[in-house]
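**Q** Sharing a structure, written as structure tokens. Questions coming.
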2 protein chains.
Amino acid sequence: MTATLETLAQQLREHGHKLTQPRCAVLHALLSTAKPLSPAEIQALGQGFCADLGLVTVYRTLELMEEIELVRPVHLADGCHGYVLATPGHTHHVICERCHAVIEISGCGMGDFLNFVAERTGYRITGHWLEISGLCADCQHIP
Amino acid sequence: MTATLETLAQQLREHGHKLTQPRCAVLHALLSTAKPLSPAEIQALGQGFCADLGLVTVYRTLELMEEIELVRPVHLADGCHGYVLATPGHTHHVICERCHAVIEISGCGMGDFLNFVAERTGYRITGHWLEISGLCADCQHIP
DNA sequence: ATCCTAATTGAAAAGACTTTTCAATTAGGA
DNA sequence: TCCTAATTGAAAAGTCTTTTCAATTAGGAT
């Protein structure tokens, strides 16, 4: 199921939020690429759709969308963080070190490992954050 | 093998860095707790050892120590990041959501999962970042 | 279709965090 | 003990993010 502007907008509505031009612009920006985008990048891209999209609004919109799990924050190796559209359910990201292309892995084969960790540490495990970095198929061929 | 001030200092030396009071103070701070500390916290704790430890120096020292893998950055759920002493080799952290206590898991049972990811995505996997959050044994008993 | 109200907006300001610059100090080999 | 390059703290600059506030807007009520 690929997210469209319509389905995403619908989700905003369902959570009682208004569907405004600036919010559409943010969705447009995020839909335009699979790479994680910084707030500033989202603003720049979004301005193609809503000319006076403010950076402040991008921050507020991302916060909102993160709450309702429309977007997901991603920590990049260089310390920046970006946002990508979230696919529903529990997923992990594989990020290309070179071009920042992202693939989401749905389904998470980590249950056993987490059980082992719980047993070993005495912690009650409530969540985990995994990001995998590598070189995407394209970038492997570039020296 | 638990790190001591001596072994850590030794490693700084081996990498050609001088062993200064401010650097010792940072190590003292990090040795004093298993929790991830922010630069500001490290400064505050470190000033007990080196009274005029500057925040700038803490940043520089952490950068240095991260390069030679004496410390490791940790992303906390609330967005802050902290630093903890790194144990050598590949480890992951389990962080208590409530008190921020950290346990390192050495040895990483994720090889199979990463192979699966590589096969599925076509990426050449070069690294991964995993943090596990939960409640530590103590905090489970606090409502 | 128009009105109304609360939600939302952009700009400016404030705030937090981090890095750079630079003169003064310090570690540690000569 | 001396010397030199590494290191330091303070101040300034820079970046990123949040708050404030008056103006605008979406969308249900009329």
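We did not get these values from a lab; they are worked out from the coordinates using the rules stated. If you're wondering where the values come from, they're calculated on a predicted model, not measured in any experiment. Quick reminder, even Gly has a Cβ in these numbers, built from the backbone with ideal geometry, and neighbours come from all protein chains shown.
**Q** Kindly indicate which of A:Q43, A:Q11 is in a helix (DSSP H, G or I), out of contact with any helix residue (DSSP H, G or I) (no Cβ under 6 Å at 6 or more places or on another chain), without any contact (Cβ under 8 Å) to a residue 60 or more places away in the chain and at negative phi.
**A** From the options A:Q43, A:Q11, the qualifying one is A:Q11.
**Q** Is one or more of the residues making up region B:9-17 within 13 Å of DNA strand D (Cβ to nearest atom) and buried (at least 20 other Cβ atoms within 10 Å of the Cβ)?
**A** Checked region B:9-17: at least one residue is within 13 Å of DNA strand D (Cβ to nearest atom) and buried (at least 20 other Cβ atoms within 10 Å of the Cβ).
**Q** Looking only at region A:102-141, count every residue that is under 12 Å from the mean Cα position of the chain (by Cα) and more than 7 Å from chain B (Cβ to nearest Cβ) and tell me the total.
**A** Result for region A:102-141: 2.
**Q** From B:L31, B:L53, B:L37, B:L70, grab the single residue that is on the phi < 0 side of the Ramachandran plot and within 9 Å of DNA strand D (Cβ to nearest atom).
**A** When all the criteria are applied, what remains is B:L53.
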